1. For residues in segment 7-21 being over 15 Å from the mean Cα position of the chain (by Cα) and assigned to a helix (DSSP H, G or I), which is nearest to residue 78 (Cα to Cα)?
2. Output the qualifying pairs, or none if there are none: Cβ atoms under 7 angstrom, residues six or more apart or on different chains, first residue in segment 117-129 and in contact (Cβ under 8 Å) with a residue 24 or more places away in the chain, second residue buried (at least 16 other Cβ atoms within 10 Å of the Cβ) and in a helix (DSSP H, G or I).
3. Can you tell which of 57, 144 is within 11 Å of the chain's Cα centre (by Cα), closer than 23 Å to residue 25 by Cα and buried (at least 19 other Cβ atoms within 10 Å of the Cβ)?
4. Hey, could you check segment 38-49 for residues that are under 15 Å from residue 105 (Cα atoms) and touching a residue at least 24 places away in the same chain (Cβ under 8 Å) and say which is surrounded by the most Cβ atoms within 10 Å (Cβ to Cβ)?
5. So is residue 150 surrounded by 13 or more Cβ atoms within 10 Å (Cβ to Cβ), in contact with a strand residue (DSSP E or B) (Cβ under 8 Å, 6 or more places away or on another chain) and without any contact (Cβ under 8 Å) to a residue 40 or more places away in the chain or not?
6. Residue 136 passes all but one of (1) within 24 Å of residue 38 (Cβ to Cβ); (2) not in a loop (DSSP other than H, G, I, E, B); which number fails?
7. Looking at the structure I just gave you, is residue 97 part of a strand (DSSP E or B) and either touching a residue at least 40 places away in the same chain (Cβ under 8 Å) or closer than 20 Å to residue 137 by Cβ (or both)?
8. Only one of these is surrounded by fewer than 17 Cβ atoms within 10 Å (Cβ to Cβ) and either within 20 Å of residue 26 (Cα to Cα) or in contact with a strand residue (DSSP E or B) (Cβ under 8 Å, 6 or more places away or on another chain) (or both): 125, 116. Name it.
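Readers should treat all values here as calculations from the given coordinates under stated rules, not as data from a laboratory. As the structure is a computational prediction, the values presented were derived from the model and not from experiment. Cβ placement follows ideal geometry from the backbone for every residue including glycine, while neighbour counts extend to all protein chains displayed.
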């Protein structure tokens, strides 16, 4: 277990300042994803990460976009003109935990670029129909992070 992954176990969790996010995370975790696990009828997962500046544990729901064990995290912030805070957390501390229903995965984030990002957009837009609108109104290039299983060497 690396130092940042260890922080995900030992550092205190600081709930979001957004009541909606706090409540959704709490409900999702309390029920193993049976409740609080959708947005407009589409599945979400809970992303647990280390804060870029504070070093404290942060949690946020993101759309469930998974393919062959790799998840996507689209930093759209609903089409806002700035990246969401969690994007900076993942760039600073790429080791994350992701809860998908009652399954918890250790993953490592990396930003997608070029053709890999173009393919990621196809998948993301097939799962959440609002992404094209978010891209049009954001006025910025929206990052996509690939959350990949952590490979351990024997």
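1. 20
2. 124/131
3. None of the others qualify; the one that does is 144.
4. Result: 49.
5. no
6. Evaluating residue 136 over (1) within 24 Å of residue 38 (Cβ to Cβ); (2) not in a loop (DSSP other than H, G, I, E, B) leaves (1) as the failure.
7. So residue 97 passes the test.
8. Going through 125, 116 in turn, the sole match is 116.
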